[in-house]
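**Student:** If you scroll down you'll find the structure; I have some questions about it.
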Amino acid sequence: MKLVVQVELLPDTATAAALWETLKLCNQAAGHASRRAHATGVTGKTALQRLVYGELKAMGLSAQPAIHCVRKVAGAYATLAENLKAGNYGPVGSRRRARVEGTPVRFRKDAAQPFDDRSLSWQIAERTVSVWTVRGRLQGIPFACSVEQAALLAASRRGESDLVWRGDCFYLHATCDVPSAPEYIPDGFVGVDLGIVNIATTSDGTVHSGKQVNQVRHRNRRLRRRLQRKGSKSAKRLLRHLSGREARFAADTNHRISKQIVTEAQRTTHGIALEDLGGIRARVRLRKPQRVTLHTWSFAQLGAFITYKAKRAGVPVVFVDPRYTSQGCSSCGHIHRKNRPDQATFKCTSCGFAEHADINAARNIAARGAAGWAVSHAADDAA
């Protein structure tokens, strides 16, 4: 499995200026390659490299950064093609889709830039890196990381590292190829019901409330609205300062919740059953005031965090069909809309079973997870 280790660079003023100029030039080159790709229709990595390699070299890039700029552009167009194919920019003929198709992919001047081992090398014991810049190769740039991160970099770092500018600081994102722990045979499953009011509820009765996260989001939404309405220089400066804070808070919350769920599952030798919520934003129809809440719901991130932490711990994870898990009775199996008189309450109209609605849904998910695991492993044994 692949993990990303983030370390902060600690450059002096001159080095920081060189890194910024390098990032800016690389993204100018990527923008040029993107415009050429859009004009000619050449978006494949090899063909695009033949088309623009000399032009990027003439802009001041050396060989490897030029190649990586081409790969970044080709990857961006491949992603765009998949999004168009999936209908994420609307149906064929729609105004939004036509606008996207008629405009070259653009790159921010501070967008991340990948470097391979030819243009960036790590000295992990000394906590320094050397990197190619427009001012030549810079040696001995210090970076900060924990002991655990350093050990992971030394043992498992593979491939490229991305130079990232965020919050007036430079970071390196390094990819590490970490072996997954051997997966044990689960003694049952713990179901996890993901929601907005309660971020995650497990079948053993643990409820992770979303009250604090939702309060932060609502407060930030009101603050952004006021600052955008004001539009002054100080308001725009504060908006930039607030940018990303909410996302970091939500990610930290998801990390803590996923760690608790995986740790408990490992302690009890249970597997984890999650809902397959892919495409839910396109399927669900809500009133306008509820749409912002739905689209800021970071269920995919929480599911990804649980999945990768479970792989590192050897905890089995299965995804189940989420349909009717909130309307079905975990005691008798009866499914009816009237089983949910309100958001928090479940009361079966057939057998009278009553429980917190999210806990009942989590138990249904756990049962489906156990059934799915049994079916899949019975097929494997038969084969």
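**Student:** Among the residues of the range 137-177, write down those that are of a type in the set (K, R) and farther than 18 Å from Q64 by Cβ.
**Tutor:** Narrowing the range 137-177 to residues of a type in the set (K, R): 137, 157-158, 166.
Of everything in the range 137-177, just one residue is of a type in the set (K, R) and farther than 18 Å from Q64 by Cβ, namely R166.
**Student:** OK, next. Among the candidates G352, G372, single out the residue that is open to solvent by 20 Å² or more (accessible area, probe 1.4 Å), farther than 23 Å from R256 by Cβ, out of contact with any strand residue (DSSP E or B) (no Cβ under 8 Å at 6 or more places or on another chain) and at pLDDT below 95.
**Tutor:** Every option except G352 fails the conditions.
**Student:** Would you call A378 free of Cβ contacts under 8 Å to residues at least 12 places away in the same chain, farther than 24 Å from A304 by Cα and either not hydroxyl-bearing (S, T, Y) or not in a helix (DSSP H, G or I) (or both)?
**Tutor:** In short, yes.
**Student:** Regarding T128, is this residue touching a helix residue (DSSP H, G or I) at 6+ places or on another chain (Cβ under 8 Å), of a type in the set (S, T, Y) and open to solvent by less than 40 Å² (accessible area, probe 1.4 Å)?
**Tutor:** Considered against the rule, which asks whether it is touching a helix residue (DSSP H, G or I) at 6+ places or on another chain (Cβ under 8 Å), of a type in the set (S, T, Y) and open to solvent by less than 40 Å² (accessible area, probe 1.4 Å), T128 comes out as no.
**Student:** Please enumerate the residues belonging to the range 76-88 that are in contact (Cβ under 8 Å) with a residue 12 or more places away in the chain and either open to solvent by less than 50 Å² (accessible area, probe 1.4 Å) or aromatic (F, W, Y) (or both).
**Tutor:** Selection gives A76, Y77, L80, L84.
**Student:** Applying the selection to the range 327-344, what residues are free of Cβ contacts under 8 Å to residues at least 40 places away in the same chain and either under 30 Å from T269 (Cα atoms) or part of a loop (DSSP other than H, G, I, E, B) (or both)?
**Tutor:** Selection gives Q327, G328, C329, S330, S331, C332, G333, H334, H336, R340, P341, D342.
**Student:** Then there's this: Of all residues in the range 195-205, how many are modelled with pLDDT of 85 or more and open to solvent by 60 Å² or more (accessible area, probe 1.4 Å)?
**Tutor:** Counting residues in the range 195-205 that are modelled with pLDDT of 85 or more and open to solvent by 60 Å² or more (accessible area, probe 1.4 Å) gives 1.
**Student:** V7 fails exactly one of the following numbered conditions: (1) among the hydrophobic types (A, V, I, L, M, F, W, C); (2) open to solvent by less than 70 Å² (accessible area, probe 1.4 Å); (3) part of a helix (DSSP H, G or I); (4) touching a residue at least 40 places away in the same chain (Cβ under 8 Å). What is the number of that condition?
**Tutor:** With respect to (1) among the hydrophobic types (A, V, I, L, M, F, W, C); (2) open to solvent by less than 70 Å² (accessible area, probe 1.4 Å); (3) part of a helix (DSSP H, G or I); (4) touching a residue at least 40 places away in the same chain (Cβ under 8 Å), V7 is out only on (3).
**Student:** Tell me the residue from G41, G90 that is touching a helix residue (DSSP H, G or I) at 6+ places or on another chain (Cβ under 6 Å) and on the phi > 0 side of the Ramachandran plot, please.
**Tutor:** G90
**Student:** Could you tell me whether the range 207-221 includes any residue that is of a type outside the set (F, W, Y), at pLDDT 90 or above and over 23 Å from the mean Cα position of the chain (by Cα)?
**Tutor:** Within the range 207-221, one or more residues are of a type outside the set (F, W, Y), at pLDDT 90 or above and over 23 Å from the mean Cα position of the chain (by Cα).
**Student:** Sticking with this structure for a sec: Suppose the filter is touching an Asp or Glu at 6+ places or on another chain (Cβ under 9 Å) and farther than 30 Å from R118 by Cβ; does L80 pass it?
**Tutor:** Taking the combined requirement at face value, the residue does not satisfy it.
**Student:** So if I check each of G54, G90, G140, G75, which one is over 27 Å from R240 (Cβ atoms) and assigned to a loop (DSSP other than H, G, I, E, B)?
**Tutor:** Numbers: G54 fails: assigned to a loop (DSSP other than H, G, I, E, B); G140 fails: assigned to a loop (DSSP other than H, G, I, E, B); G75 fails: assigned to a loop (DSSP other than H, G, I, E, B).
The unique qualifying residue is G90.
**Student:** Could you tell me whether V92 is more than 30 Å from P182 (Cβ to Cβ) and at pLDDT 95 or above? Even if it seems obvious, please write down each step before you answer.
**Tutor:** Details: more than 30 Å from P182 (Cβ to Cβ): yes; at pLDDT 95 or above: no.
Taking the combined requirement at face value, the residue does not satisfy it.
**Student:** For residues in the range 18-39 being closer than 19 Å to V129 by Cβ and open to solvent by 40 Å² or more (accessible area, probe 1.4 Å), which is farthest from the chain's Cα centre (by Cα)?
**Tutor:** Ranking the qualifying residues of the range 18-39, first place goes to E21.
**Student:** Let me ask something additional. Please specify each residue of the range 299-326 satisfying the condition of being crowded, with 18+ Cβ neighbours inside 10 Å and part of a loop (DSSP other than H, G, I, E, B).
**Tutor:** Matches in the range 299-326: V315, P316, P322, T325, S326.
**Student:** Condition test on A367, is it open to solvent by 40 Å² or more (accessible area, probe 1.4 Å), modelled with pLDDT of 90 or more and closer than 30 Å to A181 by Cα?
**Tutor:** yes
**Student:** Looking at this structure, is L153 within 22 Å of the chain's Cα centre (by Cα), part of a helix (DSSP H, G or I), modelled with pLDDT of 85 or more and not hydroxyl-bearing (S, T, Y)?
**Tutor:** So L153 fits the description; yes.
**Student:** Let me ask you something else. Check off (1) in contact (Cβ under 8 Å) with a residue 60 or more places away in the chain; (2) open to solvent by less than 30 Å² (accessible area, probe 1.4 Å) for R135 and give me the number that stays unchecked.
**Tutor:** (2)
The values are calculated or read from the model by the stated rules, or taken from the named source; none is laboratory data. Note that the structure is a prediction, hence the values are computed from the model and not measured. Every residue, glycine as well, gets a Cβ built from its backbone with ideal geometry; the counts of neighbours run over all protein chains shown. Just so you know, the surface numbers come from the protein's heavy atoms only, side chains and all, with ligands and any DNA or RNA stripped out. Shrake-Rupley method; radii C 1.70, N 1.55, O 1.52, S 1.80 Å.
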